[in-house]
Ligand code: AMP
């Protein structure tokens, strides 16, 4: 480390870059509330075994990218900790641990989760990133899937991403049995073309053939054009579930593309899988987030047999997309009040300051010499009104109020101050 700097793949978001972030957090919380999701907070780290059991070996996130924490000797190997790479596992763990299936169902929660992945950093891909995470438990209906998608759509459009920039990729993974049968067919097809596959896909042919479907390699993609399609192998229940999800989306005018290559590598994912993408810089597709149904996960982790469906949207990418499209929200300037005084009136000013804080006002105060320099500082801090308390005001039990935008000022009785401010704030 030659200079003091943040660790590779991490960033500082400084106060003057916070506008969009705070806006996105605010909209996320509002949308979650609209859709009936309550906030939840789970730890930034869990036992590593939770992630190994839920996300599973054979995935990059676990095999290559997990941030393992060095545990103390006395805690033993089984107590190895890991920083969370995603939000679902911890929330599912909390759902099981606290018996939340006994609460009224569906049980809906949201969180802004900071995730850690020991990845190769590049633009839009960091070692620490944040996701807006929604999880819905105890409802296996297609409506629950559509509800999650609608919430994701509402979030992305409400933060200011134009609907025409967004794409929703949709697929269904059917049931585990349907998928197993399909994987055999897919393997048969790919084995005939094994030598034409990219090296990565050749490895996956034995480790996780389904994931070959989302290979980014062009030649693989061409080959896959003629591959069998998972949804063609569905039985009645899976077909109906998928059609019902689509019918809700059509009713709500949410455009989507059926994408038979959108898959998840793990067994407990079933039925609906989706991803929100944007046209991105240079017309390149970029994933903003996605999700789907994971009915088998809760039982796989030792919980009750209730279903789950959820989504995770990457906030870092959403903010970058808003910046790229120049979509800055119009922010109301805060109504901030400065209290200006001199040493002789300071005690009275400090009392007034405390009174304003108690009444919920944003304030600023300085002990600089002279009204002029205090006013200058107040102005730099985006102050709306200044309350001036000089010796005369103190003697007369009055205060002078100065509007910093137009320099108008008036002197009023101190007892009228709060009523006056209340009115001024509403203007
Ligand atoms: P995933 O949990 O991998 O399905 O990712 C969901 C979303 O989180 C992605 O579409 C990205 O927007 C975001 N995301 C995932 N990994 C990263 C990362 N390393 N850096 C920044 N954003 C990420």
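All of the numbers you see were taken from the coordinates with simple rules; none came from a lab. Fair warning: this is a prediction, and the values are worked out from it, not measured in the lab. Heads up, the Cβs are rebuilt from the backbone with ideal geometry, glycines too, and the neighbour counts pull from every protein chain shown.
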> How far, in degrees from 0 to 90, does helix 176-192 lean away from the longest principal axis of the Cα atoms of the chain, to the nearest 10?
Replying inline: 70
> By how many nm would the segment from residue 328 to residue 347 lengthen if fully extended, with 0.36 nm per residue of separation less the alpha-carbon distance?
Replying inline: 2.6 nm
> Going by alpha carbons, how many degrees (0 to 90, nearest 10) lie between the helix axis of 315-324 and the longest principal axis of the chain?
Replying inline: 70
> Roughly how compact is segment 1-159, stated as its Cα Rg over 2.2 N^0.38 Å to two decimals?
Replying inline: 1.16
> How many nm separate the modelled label positions at residue 176 and residue 208, each set 7 Å beyond the Cα in the direction of the Cβ?
Replying inline: 1.7
> By counting other Cβ atoms within 10 Å of each Cβ, how are 67, 51, 155 ranked from fewest to most?
Replying inline: 67, 51, 155
> Which whole number in µm²/s is D for segment 123-213 by Stokes-Einstein, with the Kirkwood Rh taken over Cα pairs at 10 °C and 1.306 mPa s?
Replying inline: 94
>> From zero outward in steps of 5 Å, how is the percent of C-alpha pairs of segment 316-423 spread across the bins?
In response: 2, 11, 21, 22, 16, 7, 5, 6, 5, 3, 2, 0
>> Run the numbers for residue 267 and residue 426: contour at 0.36 nm per residue of separation, minus the present Cα-Cα distance, in nm.
In response: 51.6 nm
> Given a Förster distance of 41 angstrom, what is the FRET efficiency for residue 14 paired with residue 164, based on the Cβ-Cβ distance and rounded to 0.05?
Replying inline: 0.80
> Hey, what number do you get for the chain at 222 nm if only DSSP H runs of n ≥ 4 count, each worth -39500 (n - 2.57), divided across all residues, to the nearest 500?
Replying inline: -11000 deg cm²/dmol
> the chain: Rg/Rh from Cα coordinates, Kirkwood Rh?
Replying inline: 1.11
> Taking Cα atoms, how many degrees apart are the long axis of helix 142-158 and the longest axis of the chain, rounded to 10 and kept between 0 and 90?
Replying inline: 40
> Going 7 Å from the Cα of residue 416 toward and past its Cβ, which residues in segment 363-397 have a backbone nitrogen under 14 Å from where you end up?
Replying inline: 397
> If you take the square roots of the eigenvalues of the alpha-carbon gyration tensor of segment 257-353 and sort them as a ≥ b ≥ c, do you get rounded (a/c under 1.5), prolate (a/b over b/c) or oblate?
Replying inline: oblate
> Of 21, 147, 252, how do they rank once you tally other Cβ atoms within 10 Å and put the fewest first?
Replying inline: 252, 21, 147
